[in-house]
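Engineer: Next up is a structure, given as structure tokens.
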Amino acid sequence: MASVAETVVQRRVEIDASPATVWEFLVDPEKATRWMGQKAWFDARPGGEYRVDVIPGNTASGEFVEVDPPRRLVFTWGWEPGPNGANPVPPGSSTIEIELESDGEGTILHFVHRDLPTAEAAASHGHGWDHYLERLQAVSVGRDPGVDPWLSGEMN
């Protein structure tokens, strides 16, 4: 059995934008899809829906647990059954916590994805979050990260 440390993804990202700016890219569906996914449905309130068509055939879903703008966002996460059947991380089975810490003119984003079932799931999600958090960093400072190469199946 994997240890807790092996089933948690933690990242710290410095972003040259205010927490309020970064926040909008986390809770506004139109802004969120500039860095992750093709389409998003958010009802950003405790108990509200979190759903993103991340890449073709892969939809993440859960619900918002804590919404404290522009400081803290917590939501559950998992994958709806896709073309290959059920995923080992079903909808709502893991939790993502994002804290935005003001740092002068910028923001330090503290990211934790916990309750993943295995070290393999954590490694896979860590790879995905590295890709998407880099894109969030770009859009938050006004850069265009370009079309997500993962949408066309070019996953590295």
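Engineer: Scan segment 1-22 and report the pairs whose first residue is over 16 Å from residue 122 (Cα atoms) and whose second residue is open to solvent by less than 90 Å² (accessible area, probe 1.4 Å) and modelled with pLDDT under 95, with Cβ atoms within less than 8 Å and a gap of 6+ or a chain change.
Structural biologist: none
Engineer: What number goes with the only condition from (1) within 26 Å of residue 142 (Cα to Cα); (2) open to solvent by 40 Å² or more (accessible area, probe 1.4 Å); (3) of a type in the set (Gly, Ala, Ser) that residue 86 does not pass?
Structural biologist: Failing condition for residue 86: (1).
Quick grid of which residues meet (1) of a type in the set (S, T, N, Q); (2) open to solvent by less than 70 Å² (accessible area, probe 1.4 Å); (3) under 13 Å from the mean Cα position of the chain (by Cα); (4) within 27 Å of residue 147 (Cβ to Cβ):
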residue: 9; (1), (2), (3), (4): no, yes, yes, yes
residue: 25; (1), (2), (3), (4): no, yes, yes, yes
residue: 53; (1), (2), (3), (4): no, yes, yes, yes
residue: 57; (1), (2), (3), (4): no, yes, no, yes
residue: 71; (1), (2), (3), (4): no, no, no, no
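Engineer: Against the conditions (1) surrounded by fewer than 19 Cβ atoms within 10 Å (Cβ to Cβ); (2) in contact (Cβ under 8 Å) with a residue 24 or more places away in the chain, where does residue 36 fall short? Just the number, please.
Structural biologist: Looking at each condition in turn, residue 36 falls short on (1).
Engineer: Tell me, please, whether a residue that is over 16 Å from residue 140 (Cβ atoms), of a type outside the set (Val, Ile, Thr) and modelled with pLDDT under 95 can be found in segment 9-24. I'd like the intermediate steps shown before the answer.
Structural biologist: Filtering segment 9-24 down to residues over 16 Å from residue 140 (Cβ atoms) leaves 9-10.
Now narrow it down to the ones that are of a type outside the set (Val, Ile, Thr): 10.
Okay, now just the ones that are also modelled with pLDDT under 95, so none.
No, that holds for no residue.
Engineer: Taking residue 47, is it small (Gly, Ala, Ser), open to solvent by 40 Å² or more (accessible area, probe 1.4 Å), more than 21 Å from residue 10 (Cα to Cα) and out of contact with any Asp or Glu (no Cβ under 7 Å at 6 or more places or on another chain)?
Structural biologist: No: the conditions fail for residue 47.
Engineer: For segment 1-119, which strands (runs of 3 or more DSSP E) that fit wholly inside it have 3 or more residues that are in contact with a Ser or Thr (Cβ under 8 Å, 6 or more places away or on another chain)? Step through it out loud before you land on a result.
Structural biologist: Details: elements: 9-15, 39-42, 49-55, 58-68, 72-77, 94-103, 106-114.
In segment 1-119, the matching strands (runs of 3 or more DSSP E) lie at 49-55, 58-68, 72-77, 94-103, 106-114.
The values are calculated or read from the model by the stated rules, or taken from the named source; none is laboratory data. Since we're looking at a predicted model, the values are computed, not measured. Reconstructed Cβ throughout: ideal geometry from the backbone, glycine too, with neighbour counts over all protein chains shown. Ligands, DNA and RNA are excluded from the accessible area calculation, which covers all protein heavy atoms including side chains. Shrake-Rupley method; radii C 1.70, N 1.55, O 1.52, S 1.80 Å.
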